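*Asks:* Structure provided below as structure tokens; questions to follow.
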Amino acid sequence: MRALKALVIGMGILIVVGMALIAYGLYSKATDPGFAPFSTDDDPTPAFGEASITLPSGCTIVEVQPDGARLYLRIGPPINDCERVIVLDALSGEILGTVEVTR
């Protein structure tokens, strides 16, 4: 009888631990879609080499804002053809688009 009671308690603990692991996995996947519990890669972010962006003369990169796998480059100063935002894919270095400001 004592062995049966210990077996039932042990199985109950395993069920609770298993449910906690499932809840943790669901939460991790919801907050980070790239989450993998058993990743084989040592470096999850592959290097893309060099990216070249041609800016008009007199223009500089004023601000860089990361957002997940994208980078937003604000180009300035706000004169002539300088004012724009360039959207880059941070993983591949590819230019996804440009938003130009016209006045």
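The values are calculated or read from the model by the stated rules, or taken from the named source; none is laboratory data. Note that this is a predicted model, so its numbers are computed, not measured. Cβ placement follows ideal geometry from the backbone for every residue including glycine, while neighbour counts extend to all protein chains displayed.
*Asks:* Can we say D81 is modelled with pLDDT under 75, part of a loop (DSSP other than H, G, I, E, B) and surrounded by 13 or more Cβ atoms within 10 Å (Cβ to Cβ)?
*Replies:* yes
*Asks:* Restricting to region 62-78, what's the tally of residues that are exposed (fewer than 13 other Cβ atoms within 10 Å of the Cβ) and part of a strand (DSSP E or B)?
*Replies:* Result for region 62-78: 5.
*Asks:* Turning to a different aspect of this structure: Identify all residues within region 81-99 that are of a type in the set (S, T, N, Q) and in contact with a strand residue (DSSP E or B) (Cβ under 9 Å, 6 or more places away or on another chain); write none if there are none.
*Replies:* T98
Rundown of residues vs (1) within 18 Å of the chain's Cα centre (by Cα); (2) modelled with pLDDT of 85 or more, yes/no style:
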site: R2; (1), (2): no, yes
site: V8; (1), (2): no, yes
site: M19; (1), (2): no, yes
site: Y27; (1), (2): yes, yes
site: G34; (1), (2): yes, no
site: P37; (1), (2): yes, no
site: L71; (1), (2): yes, yes
site: G93; (1), (2): yes, no
site: R103; (1), (2): no, no
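*Asks:* Which pairs have Cβ atoms under 7 Å, sit 6 or more apart or on different chains, and link a residue in region 26-55 that is over 19 Å from L73 (Cβ atoms) and outside the structural domain of G93 (by TED's automatic domain parsing) to one that is at pLDDT below 65 and among the β-branched types (V, I, T)?
*Replies:* Going by the 7 Å Cβ cut-off, there are no qualifying pairs.
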